[in-house]
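Below: one structure, written as structure tokens.
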Amino acid sequence: MPFAPPTMPRPWTGKAPLKKAKKKVPLFDSFDPPPEGKAGVKYVEMPGPFPFGRYPKEGMMMTREEVLGEPLKKWEKGMLVKPHMHDNRQVNLGRDGFTHNMLELIHSHWKRRRVCKVRCKGVPTVDMDNVCRVLEEKTGGEIIHRVGGVVYLFRGRNYNYRTRPQYPLMLWKPAAPVYPKLIQEVPEGLTKDEAHEFRVKGKSLKPICKLSKNGVYVSLVKDVRDAFELSPLVKVDCPGLEPSDYKKIGAKLKELVPCVLLSFDDEQILMWRGRDWKSRFLDNPLTPIPSETNIADDADKTIEEQTVSDQNTVISSPKMISLWKRAVESSKAVILEELDLTPDVLLEKVEEFEGTSQAAEHTFTALVLPGNDGAEDYVDDEDRPEEYSDIDDDFDDECSDDDESFEPVGQEGSLPVDKIVRKLREKLK
């Protein structure tokens, strides 16, 4: 009995202590190194790199600029980053973001190497600019390279592990703060009926993307902004994510896009662009600018009908707009100013444009000389385009030897084609 009086006997139910290991593992500190030639010992990475004739600065209290030293050159950044490209020695930054204990972890990486590789996944990758700012601000290092969710953090030319700032480790996770509710029953700018109507329409709306667990969401903010150009409602699918994760993503999108959150139902983020939304392509006539008055006045219209309110409005993405501009400039497309054309007039326009486009594409300066039988059409050398001159000269050089040794295979008139020509001439006579 565990709580029995000490006078009562209790049988022993535990296990015997483990035997002491015979193998003695020597423990060495990097600042008290073992004798020379000892294998398997890791040494402290010295400060640097330094230009020729420069030495590290020493001091207990140095500012961040003094620790970083002179800015790194391009070849120095490549020299520092290349060994870490395919190395698994890294700091993983997950859903909780940059925590307190990661500071000591990064300094332990900097003890052995001058660059610390930080791989970010999940919620923090929505706003990588903020992650980079916090990393540089808290650690005192400098980000010298960044690819997607991977960041390479340089410790500084004058970094010294002995004089580093030391932080006490936190042995337990602090309580999370209480945030205000993200989803309001009646969001700002909408009535209760309009909010309900939007939530009903959002159930049948297709999501613009699907977020995977522990993914990299660097382009999510841009994708949502582009989707708002064509639809007032946008939905993002988050299957398999924790509720806290996609709620944090929604809070980031609300701040960065910006937008109004409507619901988190069915592991999906439903957003509305808001009353104060303005298009980023106001100067471009090909981009639609849907009016918000149709949303409040007529609740029976679908989202597609709201975006296409005028027959002259053309819906196109920025990439399509650039392709159209390029086609118009190269005379491969034309803009019709008149829309109410009869089929006959439209056919004339098409035939006229077809002739001009072919002439613009295939025209080059050529001189054709009519002659007797056996005369050949040729292009004058002076009028020949420069882009073809080199190709023709090379071709002539390659074929010059073959022309001298060329001999006719058979007698004249012995080919099958000659027989067909004779028969045709007899019939015409």
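Within region 148-182, count every residue that is part of a strand (DSSP E or B) and either over 30 Å from P243 (Cβ atoms) or more than 33 Å from the chain's Cα centre (by Cα) (or both).
Here is the first cut: in region 148-182, the residues part of a strand (DSSP E or B) are 150-154.
Now restrict to residues that are either over 30 Å from P243 (Cβ atoms) or more than 33 Å from the chain's Cα centre (by Cα) (or both): 152-154.
Here the count works out to 3.
Rundown of residues vs (1) open to solvent by less than 40 Å² (accessible area, probe 1.4 Å); (2) at pLDDT below 90, yes/no style:
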site: G69; (1), (2): yes, yes
site: L72; (1), (2): yes, no
site: E76; (1), (2): yes, no
site: G122; (1), (2): yes, no
site: V126; (1), (2): yes, no
site: R133; (1), (2): no, no
site: F154; (1), (2): yes, no
site: R157; (1), (2): yes, yes
site: P168; (1), (2): no, yes
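Could you count how many residues in region 91-106 are at pLDDT 90 or above, open to solvent by 40 Å² or more (accessible area, probe 1.4 Å) and within 22 Å of the chain's Cα centre (by Cα)?
1
Hey, V328 hits all of (1) modelled with pLDDT of 65 or more; (2) open to solvent by 70 Å² or more (accessible area, probe 1.4 Å) but one; which does it fall short on?
Condition (2) is where V328 drops out.
Working only within region 107-120, note down all residues that are within 19 Å of the chain's Cα centre (by Cα) and either open to solvent by 20 Å² or more (accessible area, probe 1.4 Å) or at pLDDT below 90 (or both).
Residues of region 107-120 within 19 Å of the chain's Cα centre (by Cα): 118-120.
The one that is within 19 Å of the chain's Cα centre (by Cα) and either open to solvent by 20 Å² or more (accessible area, probe 1.4 Å) or at pLDDT below 90 (or both): R119.
Would you mention how many residues in region 265-280 are polar (S, T, N, Q) and either part of a loop (DSSP other than H, G, I, E, B) or open to solvent by 90 Å² or more (accessible area, probe 1.4 Å) (or both)? Steps first, answer last, please.
Restricting attention to region 265-280, the residues satisfying the condition of being polar (S, T, N, Q) are 268, 279.
Now drop any that are not either part of a loop (DSSP other than H, G, I, E, B) or open to solvent by 90 Å² or more (accessible area, probe 1.4 Å) (or both), which leaves 279.
Summing the residues that are polar (S, T, N, Q) and either part of a loop (DSSP other than H, G, I, E, B) or open to solvent by 90 Å² or more (accessible area, probe 1.4 Å) (or both) in region 265-280 gives 1.
Would you confirm, using the coordinates I've provided, whether L153 is over 30 Å from K111 (Cα atoms), touching a residue at least 24 places away in the same chain (Cβ under 8 Å) and not basic (K, R)? Before you say what the answer is, go through the steps one by one.
On the way: over 30 Å from K111 (Cα atoms): no; touching a residue at least 24 places away in the same chain (Cβ under 8 Å): yes; not basic (K, R): yes.
The answer is no for L153.
State whether one or more residues within region 184-203 are aliphatic (A, V, I, L, M), in contact (Cβ under 8 Å) with a residue 12 or more places away in the chain and in contact with a Ser or Thr (Cβ under 7 Å, 6 or more places away or on another chain). First the steps, then the outcome.
Of the residues in region 184-203, the ones aliphatic (A, V, I, L, M) are 186, 190, 195, 200.
Narrowing the set further to residues that are in contact (Cβ under 8 Å) with a residue 12 or more places away in the chain leaves 190, 195.
The next check asks that each one be in contact with a Ser or Thr (Cβ under 7 Å, 6 or more places away or on another chain); those that pass are none.
So far as region 184-203 goes, no, none of its residues is aliphatic (A, V, I, L, M), in contact (Cβ under 8 Å) with a residue 12 or more places away in the chain and in contact with a Ser or Thr (Cβ under 7 Å, 6 or more places away or on another chain).
The values are calculated or read from the model by the stated rules, or taken from the named source; none is laboratory data. Everything quoted here is computed from the prediction, not taken from an experiment. Glycine also receives a Cβ, built like all others from the backbone with ideal geometry; neighbour counts cover every protein chain displayed. Just so you know, the surface numbers come from the protein's heavy atoms only, side chains and all, with ligands and any DNA or RNA stripped out. Shrake-Rupley method; radii C 1.70, N 1.55, O 1.52, S 1.80 Å.
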